[in-house]
Each structure stands twice: as structure tokens, then as C-alpha cells.
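Colleague: One structure coming up, written as C-alpha cells, with questions to follow.
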Amino acid sequence: MTTLEIITSHVARLPEALRIELLHYALFLEQRFAKTGQTIEDPPEERQHLLAESMEAATRLNPFQEISDPVTWQREIRRDRPLPGREDNRC
């Protein structure tokens with residue numbers, strides 16, 4: 001039995017209101033998938049190629065160019081800071 005046949009058998013048992021809800025969800029998934037520019041048939045090699053292109057574009061942007069000392073930057077980012085609205089009330 002194919003996936004489509006299994007889905008169809010389950011949908012057939014649902015009341016009409018839930019079928020409509022399921023249709024809306026299927027349309028949502030279809031739109032979300034279409035935004036990625038991929039099709040269901042895209043082989044893993046194509047997805048890897050798209051990922052590689054994305055990584056190359058991110059490298060060209062060089063988002064960390066203003067960081068002269070990565071170790072110091074990392075220590076600064078990880079340093080604990082007081083949370084807003086909380087005073088230091090140690091007992």
C-alpha cells in the first residue's frame with residue numbers, strides 16, 4: 001500500500017470539517033515547500049549543491065569581519081550578565 005493510499009484511507013474516515021482542515025494544512029505545506037525552490041524529486045546531490053551555494057554566499061558576506069580577536073570576542077559573548085529586572089540579592 002502506498003503512502004497516498006494510506007492517507008486516503010484515513011481521510012475517508014474523518015468528518016468533513018476535519019477533511020477541510022487537513023486540506024488547509026496540505027496547502028500550507030505545499031506553499032512552504034514551494035518557497036524553498038525545491039521539488040519533491042530533488043535528489044540529495046541537488047540539496048547538497050544548494051547548501052554549498054548558500055554557505056559560499058554566507059562566506060562572501062563575511063559577517064564576522066569586525067572581530068579582530070575571536071577568543072576575546074567569544075569570552076565577552078559568553079560572560080554572564082545580570083538579567084533585566086533582577087537585582088543582586090545574595091543571602
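Colleague: Using only Cα atoms and rounding to the nearest 10 degrees, what angle (0 to 90) does helix 44-61 make with the longest principal axis of the chain?
Modeller: 30
Colleague: What nm distance separates the two modelled labels at residue 30 and residue 13, each placed 7 Å from Cα along Cα→Cβ?
Modeller: 2.5
Colleague: On the principal axes of its Cα set, how long, how wide and how thick is region 3-62? Give whole Å, largest value first.
Modeller: The Cα atoms of region 3-62 stretch 53, 21, 12 Å along their principal axes.
Bear in mind that the values in this text are calculations on the coordinates, not laboratory data. Source: prediction; values computed, not measured. Glycine gets a Cβ as well: all are built from the backbone with ideal geometry, and neighbour counts include every protein chain shown.
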